[in-house]
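A short write-up of the structure that comes next.
The values are calculated or read from the model by the stated rules, or taken from the named source; none is laboratory data. Just so we're clear, the structure is a prediction, and the values are computed from it rather than from any experiment. Cβ placement follows ideal geometry from the backbone for every residue including glycine, while neighbour counts extend to all protein chains displayed.
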């Protein structure tokens, strides 16, 4: 999605598609005053409709008794925000677009609900995935993040089930979660809908939808390092009959950091209108705006070793961000949907999405190894970047039931087309690179004079055609078979190198079976093909051959006590042409394709253990991640991950609930030349408490890393001898008003 190539000095290829994810602050489409005005107008309009309805009903009831009026308004009835007593959902369509319970889905799936996000103040997607079974958030830098699952990079994102290209698995800035009702995480290969069956996971962002009943909320948060946040959410009917509904969500956050000089401002605005144009047809249009502005971010991170190979000590606040550097990202997403339900129950849904990301950055990369006696040995490489990424996605699918052999079966078929255009301009310092006289001089390094550099311009076209059927072979046995046919074309130039790749009518198969042992337990198994056009460069500065392979999974799922979803899964992945760092050519990092096999198991649980106790968590064990020569690969990936979150309503204090979360991983390491860099196992423990003052007001306290664990955020780039430390103990307080 963005410039994985552009903004990754020495550590990265200057590849076009490698970085299709940007944002910028150059031309903001909304000023704060405009945002406030939009929300005020929407809030005022909804409140007037609501008040008018109430006044009219009171006046009418004084004069006559009206017959009962039943309004059929379509709402997002499965919204997790409507189920405050649980940390799970009843059904999901993330795997196949055919709605089914988690127990009936033939793959591992978990969910972070709106209530869990609110309880633990999970305000970014990084916060959410930190609590998700099997996901490792690789914070490579302050404003650039990768995600891994089951030993592979996560490269599949969806919004409301619509796949959005995320080719290099690289997220620039933060994604604010205020817009979303829940986040669904489907683990394992997911080539049926995405067309690229990467064996890690698919992250599906489910947007908040308008409600028929009027509701409004405002939350104000204050926390460590001058963290200030305001959330507003207004929703309701815009007509008396309820056939037109709207919702506006806004979030503003300003914060300093535990890192020296680093600060960030994030503004998010989301608006959606939904209308029932007939009894069976609904249209929706919406827009999401998000602006991330960061001051003194890190581009590259701390050089962890002295020139003699010994480990260099740092405080947790140490940063390589220059005082003049910044990284501004701006994202605008506009979407339109039409959903029609036929009289026979079949559903047709079409979606059109336009996404634009703009990036504006002045950065400084620090490289080399410091001499412990003289301070010499470090260098500075400044870079200035402007980039634009535009994407248009169209999707249409049909789903419903049919009769064959005297039994009812499900069918889904559809098509997805997208085009992505990417342009990037680079400027470099007039002096190229410069020597530093010591790490302590980074903060005062002056901003350079800029001269034009290289750039990139290319586009990507994709066409996916997909179909699947869920066959009810017996009352106990359900078999899902399907596939995705992908055509793909990349053309353009990136930093002086032609970038061309294509795939024509490449089919990725999907097979899944579920056998119900009884009403509580089910056995399942699935097979998914793997195919992913590669964007990383080989030693000839050309894209590697596509990633191909197979993914197998089997396990048992259960629905316990009417409120708990559990699963135990075994998985095995076989891949060819997995990209692995092979060195550099000039400033470009180059890769070689290797064969890799991954196997392991996972346990996942979510829901209500009792009327007072909610839980969501899981344990992942990677038994091996090895290449064709039986060598361990991706050793920066934890082989064991434990995630557990619980919230308990205190019976003796009716309005009080308390909770805790634990994020544990075992030790990881990376070999840097002849030196092994190790991060030992660690656990991050977070606490929360929420007290409902009355029906409108509540107050919450949240504390993070309460044991003050000191740890490196990621070793993903540690083969370059770099890393930086995570946040120490910190806390926040929130006051929330709801109507």
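The single condition among (1) surrounded by fewer than 20 Cβ atoms within 10 Å (Cβ to Cβ); (2) assigned to a strand (DSSP E or B); (3) touching a residue at least 40 places away in the same chain (Cβ under 8 Å) that residue 479 does not meet is (3). Of the listed requirements (1) assigned to a strand (DSSP E or B); (2) surrounded by fewer than 16 Cβ atoms within 10 Å (Cβ to Cβ); (3) over 21 Å from the mean Cα position of the chain (by Cα), residue 334 misses just one: (3).
Tell me, please, whether a residue that is under 30 Å from residue 176 (Cα atoms), without any contact (Cβ under 8 Å) to a residue 40 or more places away in the chain and either under 19 Å from the mean Cα position of the chain (by Cα) or surrounded by 21 or more Cβ atoms within 10 Å (Cβ to Cβ) (or both) can be found in segment 301-317. No, segment 301-317 contains no residue that is under 30 Å from residue 176 (Cα atoms), without any contact (Cβ under 8 Å) to a residue 40 or more places away in the chain and either under 19 Å from the mean Cα position of the chain (by Cα) or surrounded by 21 or more Cβ atoms within 10 Å (Cβ to Cβ) (or both). Residue 74 meets the stated requirement of being in contact with a strand residue (DSSP E or B) (Cβ under 9 Å, 6 or more places away or on another chain), under 28 Å from residue 238 (Cβ atoms) and either surrounded by fewer than 17 Cβ atoms within 10 Å (Cβ to Cβ) or modelled with pLDDT under 80 (or both). Scoring residue 721 on the criteria (1) in contact with a strand residue (DSSP E or B) (Cβ under 6 Å, 6 or more places away or on another chain); (2) within 29 Å of residue 615 (Cα to Cα) leaves a single failure, condition (2). Taking the listed residues 354, 316, 266, the one that is under 30 Å from residue 429 (Cβ atoms), part of a strand (DSSP E or B) and touching a strand residue (DSSP E or B) at 6+ places or on another chain (Cβ under 7 Å) is 266, with no other qualifying. Somewhere in segment 579-590, is a residue modelled with pLDDT of 95 or more, farther than 28 Å from residue 646 by Cβ and touching a strand residue (DSSP E or B) at 6+ places or on another chain (Cβ under 6 Å)? No, there is no match, as no residue in segment 579-590 is modelled with pLDDT of 95 or more, farther than 28 Å from residue 646 by Cβ and touching a strand residue (DSSP E or B) at 6+ places or on another chain (Cβ under 6 Å). Can you find, within segment 616-639, the residue that is farthest from residue 681 (Cα to Cα) among those that are part of a strand (DSSP E or B) and over 23 Å from the mean Cα position of the chain (by Cα)? Checking each candidate, the answer is 627. Every residue in segment 246-263 that is surrounded by fewer than 21 Cβ atoms within 10 Å (Cβ to Cβ) and in a strand (DSSP E or B), please. Matches in segment 246-263: 252, 254, 255, 263. Looking at 416, 423, just one residue is assigned to a strand (DSSP E or B), farther than 30 Å from residue 307 by Cβ and either in contact with a helix residue (DSSP H, G or I) (Cβ under 6 Å, 6 or more places away or on another chain) or without any contact (Cβ under 8 Å) to a residue 60 or more places away in the chain (or both), and that residue is 423. Within segment 494-514, residues that are in contact (Cβ under 8 Å) with a residue 24 or more places away in the chain and on the phi > 0 side of the Ramachandran plot sit with their Cβ atoms under 8 Å from residues that are surrounded by fewer than 19 Cβ atoms within 10 Å (Cβ to Cβ) and part of a strand (DSSP E or B), at 6+ positions apart or across chains, in these pairs: 495/454; 496/454. For segment 594-602, check the following and say yes or no: at least one residue is in contact (Cβ under 8 Å) with a residue 12 or more places away in the chain, in a strand (DSSP E or B), under 28 Å from residue 525 (Cβ atoms) and in contact with a helix residue (DSSP H, G or I) (Cβ under 8 Å, 6 or more places away or on another chain). Taking every residue of segment 594-602 in turn, none turns out to be in contact (Cβ under 8 Å) with a residue 12 or more places away in the chain, in a strand (DSSP E or B), under 28 Å from residue 525 (Cβ atoms) and in contact with a helix residue (DSSP H, G or I) (Cβ under 8 Å, 6 or more places away or on another chain). Within segment 263-283, the residues that satisfy the criterion of being within 23 Å of the chain's Cα centre (by Cα) and more than 30 Å from residue 317 (Cα to Cα) are 269, 270, 271, 272.
For segment 679-722, residues that are more than 25 Å from residue 646 (Cβ to Cβ), over 22 Å from the mean Cα position of the chain (by Cα), part of a strand (DSSP E or B) and at pLDDT 95 or above total 1. Looking at 650, 668, 658, just one residue is within 24 Å of residue 127 (Cα to Cα), surrounded by fewer than 18 Cβ atoms within 10 Å (Cβ to Cβ), touching a strand residue (DSSP E or B) at 6+ places or on another chain (Cβ under 8 Å) and without any contact (Cβ under 8 Å) to a residue 60 or more places away in the chain, and that residue is 658. Restricting to segment 213-245, and then to whatever is free of Cβ contacts under 8 Å to residues at least 40 places away in the same chain, in a strand (DSSP E or B) and over 22 Å from the mean Cα position of the chain (by Cα), can you tell me which residue is farthest from residue 172 (Cα to Cα)? The selected residue is 244. Could you identify the single residue in 534, 553, 559 that is crowded, with 20+ Cβ neighbours inside 10 Å and touching a helix residue (DSSP H, G or I) at 6+ places or on another chain (Cβ under 6 Å)? Result: 559 is the single residue among 534, 553, 559 that is crowded, with 20+ Cβ neighbours inside 10 Å and touching a helix residue (DSSP H, G or I) at 6+ places or on another chain (Cβ under 6 Å). None of 613, 642 is within 23 Å of residue 684 (Cα to Cα) and more than 26 Å from the chain's Cα centre (by Cα) except 613.
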